[in-house]
Structures are given as C-alpha cells and as structure tokens.
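Undergrad: Structure in structure tokens, see below.
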Amino acid sequence: MKTIGILGSTGSIGTQSLDVAQKQGYTVSVLTAGSNDSLLEEQIRRFHPKKAALLDEEKAKELRVRVADTNTVVLGGEEGICECAADRDADVVINAIVGLAGLRPTLAVLQAGKDLALANKESLVAGGYLVKEAAAQHHAAILPVDSEHSAIFQCLQGKPANAALKKIILTASGGPFFGKKKEELRHVTVQQALKHPNWSMGAKITVDSATMFNKGLELIEAVRLFEVAPEQVDIVVHRESIVHSLVMYDDNSVIAQLGLPDMRIPIQYALTYPARYPSPVGELDLAACASLSFAGPDEETFPCIGLCRHAVKAGGLYPAAVNSANEEANLLFRQGKIGFLEIPERIQRAAANLRNYERFSLDDIYAVDEQMRQAVRAAGQ
C-alpha cells in the first residue's frame, strides 16, 4: 500500500486522483489547493491528511479554524504548498496544479527525493533542465500523468535494448473547433471554446485545447521527458481520443496505447507503476467504436503548435516565455478582454524580443514570466 500526496486536489485531475486513491485504498498524506477552501475542507474530512495547504493565505487562516476538530495541519501560501510537496511520508506526489504555479512545488517534490506523478506539464516546459537535473540528482522518478505521455511511457515499456526510437506520435482531439478555418474563429465565445468534445478538464486547459497550445506544450514535454529531438515528435488529430499516442521504432513498427478517454487510467498507472491493477474505468469495446479517424493538424488555423515547436528548437528560456505569454493571453480571453485569434498573435509578439539564455536560474524563469505577462497585456494598447 502506498501513501500519496496530491497538489491541486480540488481541480479536475486532483479530484480524479482522489477517486483512484480511494479505490486502491491508498493513504493520502497531503492535499493542496489554490483557493477552493470549501472543497478542500470536504476532502480533509474525508481523507484525513496529515497536512493541507491553500495558496490563498487568508482562506487558509479561515480553514485552519474550521478544521480545528481534525488532526490536519493547515498551511498557507506558496511556502505551505512546497512544504506539503516535500512531505516525507509520501511515496509519490501528484502535481496537478495548473500553470507555472506548479514549478516550485515540482522542484520541492524532486529535491525531497520523492517520485513525482506529473500532470503539471508547464513546470517541465518552463523549468527544462532544472527539473530534469533535480530528478537525477535526488534519484527521483518523473512519472507522466498526461494521457499522451502516459501512453508513450507505456509503449516504451517493451522497448528492446538494441531498438532505436524513431518517432513519437502525439494524438490530439482537435478540440471543439476542428475543421474550422481561421475566419470562422474570429468571433467564437468563451463558452464555445470550453465545449471540449471528449475530455472533462479545467477552463484553462480546455481553452488551451481549443487553440491547440496544449498540444504544443505536450510536444515540448515529450522532448524533455523522452529526450528526443523536436523533429522526432509528430502530431496527428484523432477525434475519438481512443488512441492516446504512439511510438515508431527504427523498423517502422508502430506501437499504440488505447483506452477510453478517462484520466483515471493514466493517473492510476502513474501511482501503481510498474504494477497494474483493476481499473475504475470500463473496458474499451473496439466494435462499439466502429471506426477511428486520423488527420494532420491545421497549423495555419492553429498556429500555437508552430509557436511551441519553434520555442523548443530555440531552447533556453524560450519555452518558458511562450508558456507564460499563453497563460496571460488565455486568461484575458476567458475574461472576455481579447478575441480567440488574438491569443497566438499576442504570444508571438510578446516573445519576439526575448533575450534568450541557454542556461538559466529559477529567478530568470520568473523574471521572464513577468516580462511576458506585461508584454501580452500591453500588446493591445
């Protein structure tokens, strides 16, 4: 039996992780959230963690009073979240925090020598070699939770020692606007962008799926995780979200991982690896699927893929820069302040004047983060 920690426990991945933990009978040692104090209180009373933390320090103070009848210690702020991330009792910690906010907690997990089940792709995209070096230095594993990277990870389990990996093929649902042309997207609403055809996700990630920036982030994450060149990562649109990703070996054999579009499958594998246990998800019935379709991505209509491919080729701080620019542009769109097509336009303009460094520090990443956010906000003035 394992003891796990969950960072971002009130979000989509976090709540599904708790469902998996309960079905497997795991002990939950720590829980963290951003500001959803009411749901975090419910989770504290249900799972009895040793520690919990809220990023919102005022709400953390209030929650501390409300759960005084429990044995859970409530912490506040980023420091409290990082303390939970480094909890010594956890065998594996799931980082399901959204955005760059997950970077410091990712490093805290790894520096504590704990295995990291990574759902926060932005921390690896922006942190780059800092994250990989922390994992290597402290002998901690990074286990992918994203369905695509979990699929690649699983496909590579049977890789012979003398076989060469030729290519990674990431599948993309295409989001709610697949088949649309650029002009058709000029006046789309936030509500339309949030109608994902297959997956239930948080608002930021769902909009990223609509712009296909999320697939660009996954391209960068695949390069980092599996140590391949950007040219070795292809993207193919697969509307049914049954084939979660594929790998091609040097003999052109292609191995795929298939399953229902339910995040509890990759979450559970990250927690149980290398073992497999009965799933909370139903069986895949291929006959019921009838057919599976594939198409190339339309990078003219969805230029965010190209922005991310350019970023990972440029290296250094460039991936961090486009990630931060996107976080701000995505937020402005969800707030109704900019149009859908302005998201990639503002990302490109913000990153155009970046002063890049191949080697960088954590402080450099956060300096670029602020620079990019200001540039995105100023782009419309």
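Undergrad: How do the helices (runs of 4 or more DSSP H) wholly within the range 171-231 filter down when requiring 1 or more residues that are over 26 Å from Ala320 (Cβ atoms) and either modelled with pLDDT under 95 or in contact with an Asp or Glu (Cβ under 9 Å, 6 or more places away or on another chain) (or both): which remain?
TA: Of the helices (runs of 4 or more DSSP H) lying wholly inside the range 171-231, those with at least 1 residues that are over 26 Å from Ala320 (Cβ atoms) and either modelled with pLDDT under 95 or in contact with an Asp or Glu (Cβ under 9 Å, 6 or more places away or on another chain) (or both) span 190-193.
Per-residue answers, yes or no, for (1) in contact (Cβ under 8 Å) with a residue 40 or more places away in the chain; (2) of a type in the set (Val, Ile, Thr):
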site: Leu165; (1), (2): yes, no
site: Leu170; (1), (2): yes, no
site: Lys180; (1), (2): yes, no
site: Glu184; (1), (2): no, no
site: Lys195; (1), (2): no, no
site: Asp208; (1), (2): yes, no
site: Glu240; (1), (2): yes, no
site: Leu246; (1), (2): yes, no
site: Thr272; (1), (2): yes, yes
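Undergrad: For the structure I just gave you, tell me whether Ser147 is open to solvent by less than 50 Å² (accessible area, probe 1.4 Å), hydroxyl-bearing (Ser, Thr, Tyr) and in contact with a strand residue (DSSP E or B) (Cβ under 7 Å, 6 or more places away or on another chain).
TA: Answer is yes for this residue.
Undergrad: Filter the range 274-292 down to the residues that are open to solvent by less than 50 Å² (accessible area, probe 1.4 Å) and touching a residue at least 40 places away in the same chain (Cβ under 8 Å), then identify the one that is farthest from Asn120 (Cα to Cα).
TA: Across the range 274-292, the extreme among qualifying residues is Cys289.
Undergrad: Sort out which residues of the range 291-310 are of a type in the set (Gly, Ala, Ser) and either outside any loop (DSSP other than H, G, I, E, B) or at pLDDT 95 or above (or both), and write them in order of number.
TA: Ser293, Ala295, Gly296, Gly306
Undergrad: Can you pull out every residue in the range 202-243 that is within 15 Å of the chain's Cα centre (by Cα) and not aliphatic (A, V, I, L, M)?
TA: Result: Gly202, Lys204, Thr206, Asp208, Ser209, Phe213, Asn214, Lys215, Gly216, Glu218, Glu221, Arg224.
Undergrad: Could you please give the count of residues in the range 227-270 that are in contact with a strand residue (DSSP E or B) (Cβ under 9 Å, 6 or more places away or on another chain) and open to solvent by less than 40 Å² (accessible area, probe 1.4 Å)?
TA: 21
The values are calculated or read from the model by the stated rules, or taken from the named source; none is laboratory data. Here the structure is a predicted model, which means the values were calculated and not measured. Note that each Cβ is placed from the backbone with ideal geometry, even for glycine, and that neighbours are counted across all protein chains shown. Areas reflect the complete protein model, heavy atoms only, side chains present, ligands, DNA and RNA absent. Shrake-Rupley method; radii C 1.70, N 1.55, O 1.52, S 1.80 Å.
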